[in-house]
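Since the structure comes first, as structure tokens, the remarks are kept for the end.
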Amino acid sequence: MRIGVAREIKSHEYRVALTPAGARELVQRGHEVLVESTAGEGSAFADADYVRAGARIVSVDDVWGHAELLLKVKEPTVSEYPRLREGLVLFTYLHIAADEPLTRALVESGITAVAYETVETDDRKLPLLAPMSEIAGRLAAQAGAYFLEKPLGGRGLLLGGVPGVAPGRVLVLGGGIVGYNAAIIAIGLGAQVTILDRSIDRMRHLDEILSGRVSTVMSSTLQIESSIADADVVIGAVLVPGARAPKLVTRGMLGVMKKGAVIVDVAIDQGGCVETARPTTHDDPVYAVDGITHYCVANMPGGVPITSTKALTNATLPYVEEIADLGLARAVAHDRSLARGVNVLEGKITYDAVAEAHGLEYTPLEDLLPLATV
Ligand SMILES: NC(=O)c1ccc[n+]([C@@H]2O[C@H](COP(=O)([O-])OP(=O)(O)OC[C@H]3O[C@@H](n4cnc5c(N)ncnc54)[C@H](O)[C@@H]3O)[C@@H](O)[C@H]2O)c1
């Protein structure tokens with residue numbers, strides 16, 4: 001198959017959808033890889049690295065015009081809509097349930113679009129979102145520690161303390177992938193860490209794997225009110241699948257917090273779990289409300305593209321190989337996780353939540369293609 005890798009043109013997007021190592025794997029399997037010139041630059045991969053891996057460097061027109069399977073990181077921007085076309089399979093983060101113009105552009109073009117974020121295993125895991133949650137969680141603890149510094153508006157506390165001086169306290173709301181990874185780094189820095197979750201099974205698991213290095217506590221409004229008063233850093237990491245994040249920290253609760261404490265609301269991409277949180281960018285990541293620093297960067301992994309690109313490719317490559325080796329129809333017949341990723345097939349919306357969100361027609365994928373039943 002002819003696989004294209006497009007350069008990301010969204011502002012401050014430095015990731016690329018395939019590393020030279022990934023390109024090499026695909027070339028070895030007999031595929032042709034076209035990489036748009038300078039696509040890897042933001043992630044420290046030069047065109048020459050791709051050429052050494054057996055890929056060809058091409059122009060933007062050629063990568064979009066000649067690829068059968070096009071790999072990207074972010075959804076197409078408006079200027080890319082005219083490049084969408086019949087016969088192309090696009091594999092990228094799409095998030096089209098929240099983007100009607102893009103949904104319509106995909107439908108009208110007759111393209112096939114597979115969304116990273118809806119590839120879902122039978123046990124309801126999201127393998128192509130998980131690596132970004134791992135990165136965001138780890139960054140959250142780093143950001144919390146950093147913005148505690150006095151010149152940056154923080155309390156002026158070293159999160160890990162020193163011998164003879166107590167460390168700071170980190171409160172993690174939600175102990176899923178983000179929360180676990182935030183906790184790991186906070187523990188590594190020497191902080192005292194408490195995780196609040198609603199799932200007793202999840203807390204049992206965290207307790208086992210972190211073997212007593214964190215306290216796990218059942219999440220409730222009363223518990224949040226009392227834990228937040230002691231916290232130097234609060235990390236918002238809750239997720240209720242398919243819904244906006246619940247507002248666990250209200251404006252009133254900020255009054256009981258220590259001045260200069262830091263809130264990192266990682267759940268900001270789902271609306272945030274802190275009432276006073278609003279999305280920020282890597283350029284201007286923090287603001288203060290009632291003396292509390294708020295860090296609410298909506299695309300945290302974008303700040304560390306070298307790590308994010310590699311982590312993303314590690315997760316996507318097995319699916320890319322499946323599509324390339326078998327063709328999309330046979331690949332989805334063979335793999336139900338990948339089938340759940342198909343949002344649009346040849347211009348027909350095959351993901352019910354997307355059709356419902358925009359009041360457009362829904363066609364079940366199994367009406368168009370044979371799917372695996374086991
Ligand atoms: N800002 C970013 O750059 C970025 C990057 C990656 C992920 N995220 C976001 O981070 C959030 C967490 O993602 P994840 O992958 O860890 O999800 P996850 O499903 O692995 O974990 C969410 C956890 O929240 C818990 N939870 C739900 N309601 C709760 C409540 N009321 N109180 C306490 N815990 C509760 C769940 O039991 C679960 O353990 C999501 O909103 C995700 O979109 C943001």
Overall Cα dimensions of the chain, principal axis frame, Å, largest first: 62, 44, 38
Show me the three semi-axes of the equivalent ellipsoid for region 69-189, from the C-alpha gyration tensor (sqrt of 5 times each eigenvalue), largest first, rounded to whole Å. 42, 17, 10
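Work out, step by step, the length gained on full extension between residue 282 and residue 243: first 0.36 nm times the residue separation, then minus their alpha carbon distance; give nm to one decimal.
Values: separation 39, 0.36 × 39 = 14.04 nm, distance 2.54 nm.
Roughly 11.5 nm would be gained on extension.
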Could you look at the chain and say what percent of its accessible area is carbon and sulfur, using a 1.4 Å probe and all protein chains? 52
List, in the order given, every pair from 10/310; 247/348; 74/125; 74/310; 10/125 whose Cα-Cα distance in the structure shown is over 24 Å. 247/348; 10/125
Taking Cα pairs closer than 8 Å and at least 6 residues apart, the relative contact order of region 97-170 in percent is 11
Ranked by how many other beta carbons lie within 10 Å on average, peptides 99-107, 34-42, 146-154 from highest: 34-42, 99-107, 146-154
Please calculate how many Å² of accessible area the chain carries per residue, with a 1.4 Å probe and no DNA, RNA or ligand atoms counted. 44
Nearest-ten-degree value, helix 200-209 long axis tilted from longest Cα axis of the chain: 80
Could you give me the radius of gyration and the Dmax of region 162-222, taking only the C-alpha atoms into account and expressing both in angstrom? 11.5, 36
Longest to shortest principal axis, alpha-carbon extents of region 240-352, angstrom: 58, 33, 21
Can you give me the Kirkwood hydrodynamic radius for region 146-281, using every pair of distinct Cα atoms, in Å to one decimal? 15.0
Rounded, prolate or oblate, given the Cα gyration tensor of region 1-83, with a/c below 1.5 counting as rounded? oblate
In terms of modelled amide H atoms, which long-range or inter-chain residues lie less than 5 Å from the amide H of residue 340? 120
Quick query: amide H of residue 294 versus all other amide H atoms, modeled in the peptide plane; which residues come in under 5 Å with a sequence gap of 5 or more or a different chain? 263, 287, 288, 289
Straight-line reach only, C-alpha to C-alpha below 20 angstrom: list the aspartates and glutamates that residue 258 could link to, leaving out same-chain residues fewer than 8 apart. 149, 225, 230, 232, 275, 290
May I ask for the net charge around residue 336, where only other residues with Cβ less than 13 Å from the Cβ of residue 336 are counted and Lys, Arg are +1 while Asp, Glu are -1? -3
Counting DSSP beta bridges with both partners in the chain, what percentage is antiparallel, nearest 5? 20
Work out, step by step, the length gained on full extension between residue 250 and residue 11: first 0.36 nm times the residue separation, then minus their alpha carbon distance; give nm to one decimal. 82.9 nm
So, in Å, what gap is there between the alpha-carbon centers of region 1-69 and region 337-374? 28
Rounded to a whole number, the Stokes-Einstein D of region 217-285 in µm²/s (Kirkwood radius over Cα pairs; 4 °C; 1.567 mPa s) is 103
Count the DSSP beta bridges whose two residues both fall in region 210-343, then state the antiparallel fraction as a percent rounded to the nearest 5. 35
Give me a comma-separated list of calculated 3J(HN,Hα) values for region 77-82, in order, Karplus coefficients 6.51, -1.76, 1.60 applied at θ = phi - 60°, integers in Hz, x for any Gly or Pro. 8, 3, 5, 8, 3, x
If you count, for each residue, the other Cβ atoms within 10 Å and average over each peptide, how do 229-235, 176-182, 161-167, 79-85 line up from highest to lowest? 176-182, 229-235, 79-85, 161-167
If we sort 312-320, 276-284, 132-140 on the protection proxy, mean other Cβ atoms within 10 Å, highest first, what's the order? 132-140, 312-320, 276-284
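The values are calculated or read from the model by the stated rules, or taken from the named source; none is laboratory data. Computed from a predicted model, the values in this text were never measured in an experiment. Using ideal geometry, Cβ is built from the backbone for each residue, glycine included, and neighbour counts are taken over all protein chains shown. Ligands, DNA and RNA are excluded from the accessible area calculation, which covers all protein heavy atoms including side chains. Shrake-Rupley method; radii C 1.70, N 1.55, O 1.52, S 1.80 Å.
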